Protein chains: 2
Amino acid sequence: MRVPKKERQVELQHTIEQNPFITDEALAVRFNVSIQTIRLDRMELKIPELRERIKHVATERLDDVRTLTESEVIGDMIDLKLDTSAISILEILPEHAFSRNAIARGHILFAQANSLAIALIDDELALTTRANVQFTRSVHVGERVVAKAFVSSHRQDGRSDINVESYVGDECVFIGEFTVYRSSKEES
Amino acid sequence: MRVPKKERQVELQHTIEQNPFITDEALAVRFNVSIQTIRLDRMELKIPELRERIKHVATERLDDVRTLTESEVIGDMIDLKLDTSAISILEILPEHAFSRNAIARGHILFAQANSLAIALIDDELALTTRANVQFTRSVHVGERVVAKAFVSSHRQDGRSDINVESYVGDECVFIGEFTVYRSSKEES
DNA sequence: CTACTATTATCACCTGGTACTAATAGTAGT
DNA sequence: ACTACTATTAGTACCAGGTGATAATAGTAG
C-alpha cells in the first residue's frame, strides 16, 4: 500500500470537491493506484462519475446565480399578506459570508429585508427610497434568518413605511425601517 | 421536407440556447428528422456537442456565482486610501434589476456601498452595525454607478462612521451613512 | 496455513457523441 | 428526360468516460 486506503479516500473526496472536472484516470495517476481502485473508492464514498458531477455543477448554476440577483425575493417567502405583512427565511451559506470569520455580510441581511419589503407592496412598481437599518447581532454560516416585515403606514404621498425585524431563533439580528415608493392606486 | 432547412436551424439554435441539456436524439424527434441531420445542422451552426455545452455552463458558473456574493467588494474598486476614502464602480446588469422596468434593486446599490465601506476599514474584522440610506434617483440597466466613500469619524468606542455617495454621471443616486464596528487597534 | 481485505485485471456493455462514406429523395435548369 | 445539385438518411468504425460483474493476485493478521 502506497497510502492507507482511508487516507486516500479522504484526499480523494477533497480533490474532487475542489476540482469536479477531474477524470478517474487522472486521479489514478495522482494517487498512484489503478483506475479500478479509484472507481471502488468513488462507490464507497458515493461520488458520482465525472459527467454527472459536471452536470450537477451546471444545473446548480442555473438555480444559484439567481440567488442574490435575479430572484424577486432573497430567501424563501413563507407567508405573505399583501400590504400588511410578510415573512421570509434565508439560510446563510458560505458565499453569503466573509470567508475569514463566516459572518454574514451586512448587505445580505439588507437584501433579504429589502426584497421582502418590496414584495409586500401590492403595486406595479415599488422602489425603496430610504432605509434605516441596524445589525444587532452577527449572523453565522448555517444559521437561518427569519425576516418579518409589516407595513406601519401607507402615506398619502404614495409612500409606505415598512418595518422589518430579522431573527435567528428568538434573537433579533436585524432591525430595519424602509420607506418605499409605490407607483399608483389603492389605499386598502 | 417537413420544414425548410433554414427555419429548422434557427429554431434549433433557439432550442439549444434555452435548454443546452438536450441530446441530438431528442432534437431529432422534436424536429422530426434523423439524428444525422441534427448533427449536420450543429456543424453548420458551429454548436458544440451536449457534453461540451454542459461543461461550458458548468465552468461559467464558477466565475459567475462569485459576482454578488463571494467577492469582497461588489463592483470594481478603482481607488482606495485605507481608513480615509475609496471609490468603486458597478455597471448595472439586467440581473441586478427588476425585469419589468429595468430599475436596479435597492439592495444592489446598498451592497456596493456597504462592501466599499467595509473594505475601507483597515482592520481584521469590520462589521456594519447601522446604516441610514436614501435612494435619490432610480438607476437603470446599463448605467455605471460610481460609489465614493469617506470616513467621517473614527470613534473611540471602536466604531467608525462612513459616508457613501453614489453617482451616475454627475447625478447623485444614493446617499448612505454607515456605522461599522472594527475589531481592534489603531487610530491612524 | 488460512482468512480476509485491498488492489488490480478483464470483459461486455452503455451514452452521446465524431468522422467518414455512401445511398436516396426532391427539385431546378436546360 | 437527363443532369446537377442540395438535403437527408443510413451505416460503419471509433472515441471518452464511464457501469457492472467476475476473477485473479498481493499483503497482512491471527
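Here is how the numbers come out for the structure above:
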item: Test for residue A:107: is it in contact with a Phe, Trp or Tyr (Cβ under 6 Å, 6 or more places away or on another chain), surrounded by 18 or more Cβ atoms within 10 Å (Cβ to Cβ) and not aliphatic (A, V, I, L, M); result: yes
item: Given (1) farther than 20 Å from residue A:117 by Cα; (2) surrounded by 24 or more Cβ atoms within 10 Å (Cβ to Cβ), index of the condition residue B:112 fails; result: (1)
item: Lone unmet requirement of (1) facing chain B (nearest Cβ under 8 Å); (2) open to solvent by 10 Å² or more (accessible area, probe 1.4 Å) for residue A:131; result: (2)
item: Condition check for residue B:123: loosely packed, with under 14 Cβ neighbours inside 10 Å, at pLDDT below 90 and assigned by TED's automatic domain parsing to the domain that holds residue B:159; result: no
item: Residue check, residue B:66 modelled with pLDDT under 90, surrounded by fewer than 19 Cβ atoms within 10 Å (Cβ to Cβ), away from DNA strand C (no atom under 15 Å from the Cβ) and among the basic types (Lys, Arg); result: yes
item: Answer from A:117, A:97, A:102 - the residue that is small (Gly, Ala, Ser), over 21 Å from residue B:182 (Cα atoms) and open to solvent by less than 60 Å² (accessible area, probe 1.4 Å); result: A:117
item: Count of residues meeting criterion [among the small types (Gly, Ala, Ser) and surrounded by 12 or more Cβ atoms within 10 Å (Cβ to Cβ)] in the range B:10-35; result: 2
item: Pick from the range A:36-52, criterion open to solvent by less than 50 Å² (accessible area, probe 1.4 Å) and modelled with pLDDT of 90 or more, ranking: nearest to the other protein chains (Cβ to nearest Cβ); result: A:50
item: Matching residues in the range A:32-45 - criterion: being near DNA strand D (Cβ under 10 Å from one of its atoms) and under 16 Å from residue A:17 (Cβ atoms); result: A:38, A:42
item: Any pair with Cβ under 8 angstrom, 6 or more apart, that starts in the range B:35-54 at a residue that is in contact (Cβ under 8 Å) with a residue 12 or more places away in the chain and over 15 Å from residue B:11 (Cα atoms) and ends at one that is more than 8 Å from DNA strand C (Cβ to nearest atom) and not in a helix (DSSP H, G or I); result: B:50/B:20; B:50/B:21; B:53/B:20; B:53/B:21; B:53/B:47; B:54/B:20; B:54/B:21
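The values are calculated or read from the model by the stated rules, or taken from the named source; none is laboratory data. The model shown is predicted, which means the values in this text are computed figures rather than measured ones. Cβ: placed from backbone, ideal geometry, glycine included. Neighbour counts: every protein chain shown. The area values use the complete protein model at the heavy-atom level, side chains included, leaving out ligands, DNA and RNA. Shrake-Rupley method; radii C 1.70, N 1.55, O 1.52, S 1.80 Å.
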